[in-house]
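Here is the structure we will look at.
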Ligand code: MRU
């Protein structure tokens, strides 16, 4: 099964908060349910947020009783607004909403035609994501050598996308190309996407993986135990990569220890209109930090900081792997100049 699927007016996905101990399938029939699933992290990971946002609008359209295109458009705009309020940092969500709304705006003919255009566009976003991830894997695999140990942070795998993954897509492709590799996965506090999701995916595929806590990254890098680092991204802006909290620490440590630091992400993650100072970094509830698996691990009432993402300046990035190839920071800057 793909991480998210459309089945005639129902969006089917897996509740990622329960993995790896329970496999709970969610069947959503309204855009509100999709928005709630995103807010509560049942659905997470930048490309998957894009696909889910598209499907949220597809549900709104499919179940709409609108009699005119104007009315349908109003409902879609309201649904898009609700989805925009779920999580602010990954640009893929906003990108997908714009893409589907644009289709609806340009629809000619009756309401039924507009509804089917919206659903088709959401389906397209989801199916393209799989091809894009495979292309990222193909371009990234040559960067990984036989015998490498590759560190990855958070989960940029099948579960963070519709299928295959971005950073884990590169690892999967290298493995499929016959390279004998090992993966080190950081646990990724506070929500443990690395220990719960990345190790689960890699074990399922039979790719050797070792779990470390986040604060062990410096030690393993300094001991020469890591040859490459590959992570995903939630937004790549003109001066930085924005990804799961802890990425910046690993990138700085990588430079200090001369280990290549690669970012694997689709072009839909690029935000060439903004620099990092203009991006809202999501702050999540204190509860995620003061509790570990529902057990209180801090004194009641302690002040907590819980940013979900951090900002890695491009000077720490060896290359960005995307569906069209490899971009070294200089080439990424050239791409920006060509766009503007
Ligand atoms: O808070 P999350 O779990 O949505 O954060 C996910 C990440 O930071 C991933 O590294 C990123 O979205 C890339 S996923 C291919």
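Since every read-out is calculated from the coordinates, none of them should be taken as a lab result. All figures in this text were calculated on a predicted structure; none of them were measured in a lab. Please note: Cβ atoms are built from the backbone with ideal geometry, for glycine as well, and neighbour counts cover all protein chains shown.
Quick notes on this one:
- Rounded to 10°, Cα long-axis angle of helix 91-105 versus longest principal axis of the chain: 20
- The stretch 139-338 - share of DSSP beta bridges that are antiparallel (%, nearest 5): 45
- Packing order of peptides 208-219, 153-164, 77-88, highest average first: 153-164, 77-88, 208-219 (average count of other Cβ atoms within 10 Å over each peptide's residues).
- Selected from 112, 60, 173 as most flexible by GNM, with the chain as the system and alpha-carbon contacts under 10 Å: 112
- Angle between the chain longest axis and helix 46-62 axis [Cα atoms, degrees, rounded to 10]: 10
- Angle between the chain longest axis and helix 247-256 axis [Cα atoms, degrees, rounded to 10]: 30
- Selected from 198, 23, 152 as most flexible by GNM, with the chain as the system and alpha-carbon contacts under 10 Å: 23
- In the chain, the DSSP-assigned H stretches of four residues or longer account for a calculated mean residue ellipticity at 222 nm of -12500 deg cm²/dmol, using -39500 (n - 2.57) per stretch and the full residue count as denominator.
- Comparing 280, 272, 49 in a Gaussian network model of the chain (Cα springs below 10 Å), the most mobile by mean-square fluctuation is 280.
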